[in-house]
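Since the structure comes first, as structure tokens, the remarks are kept for the end.
The values are calculated or read from the model by the stated rules, or taken from the named source; none is laboratory data. In this text, all values refer to a predicted model and were calculated from it rather than measured experimentally. With ideal geometry, Cβ positions are generated from the backbone for all residues, glycine too; neighbour counts draw on all protein chains shown. Keep in mind that these areas ignore ligands, DNA and RNA; they rest on the heavy atoms of the full protein, side chains included. Shrake-Rupley method; radii C 1.70, N 1.55, O 1.52, S 1.80 Å.
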Amino acid sequence: MWPIEARNAAIANSYFTAAINRVGTEHYEHEFTSGDGKPAHKDFGHFYGSSYVAAPDASRTPGLSRTRDGLLVAEIDLNLCRQIRDKWCFQMTSRLDMYAEELPKVIKPDFKPNVVHENSH
């Protein structure tokens, strides 16, 4: 998922995103299990690393290393944000007023979603 998370946010919101992550491995004093049936261990393995910059047109820079420190410098054209908004029209069709009306209802502790179940024959 890491290679596409920031890219998806950039596309959906018509802006540039930077996916920033650590490199190397972090070790812990006490062993733990990951619930995957493998023996207990003291680290998660390598961090995802691979920091990158994603653009609103779905392009992205190559990712940095997962194991070595690095510096990524990217030139971005902020005009691209407006160009993509005008071309793809995601925000034009959003229903922000509907979301604003529904959100207070669904965050209440007693909220019951209206679930539609299909009859199986």
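With no solvent and one point per C-alpha, what does the Debye sum give as log10 I(q)/I(0) for the chain at q = 0.14 Å⁻¹? Normalising to I(0) and taking log10 leaves -0.89.
Among Gly63, Gly24, Gly35, the residue with the largest mean-square fluctuation in a Gaussian network model of the chain, with springs joining Cα atoms closer than 10 Å, is Gly35. With equal scatterers on the alpha carbons only and no solvent term, can you work out the Debye log10 of I(q)/I(0) for region 1-65 at 0.16, 0.19, 0.24, 0.27 1/Å? Each listed q corresponds, in turn, to -0.63, -0.73, -0.89, -1.03. In this rough spin-label picture, where each label sits 7 Å from Cα along the Cβ direction, the Asp69-Glu102 distance is 4.7 nm. Across the options Ala100, Leu71, Ala12, the greatest Cα extent toward the positive end of the charge dipole of the chain (unit charges at beta carbon of Lys, Arg, Asp, Glu) belongs to Ala12. Close amide H partners of His46, meaning residues 5 or more places away or on another chain with modelled amide H under 5 Å apart, do not exist here. Charges were assigned to the Cβ only: +1 to each Lys and Arg, -1 to each Asp and Glu. The resulting dipole of the chain about its Cα centre is roughly 200 debye. With the simple spin-label model, which puts each label point 7 Å out from Cα in the Cβ direction, the Glu26 to Leu80 separation comes to 3.1 nm.
Note on Glu5/Lys42: beta-carbon distance plugged into 1/(1 + (r/R0)^6) with R0 of 35 Å gives a FRET efficiency of 0.85. Sum -39500 (n - 2.57) across every DSSP H segment of at least 4 residues in the chain, then divide by the residue count to get the 222 nm mean residue ellipticity, nearest 500. Taking each H run of at least 4 residues, the total per residue is -8500 deg cm²/dmol. The Cα center of region 63-105 and the Cα center of region 1-60 differ in position by 18 Å.
Taking only protein heavy atoms into account and a 1.4 Å probe, give the accessible area per residue of the chain in Å².
Numbers: 9820 Å² over 121 residues.
Value for the chain: 81 Å² per residue.
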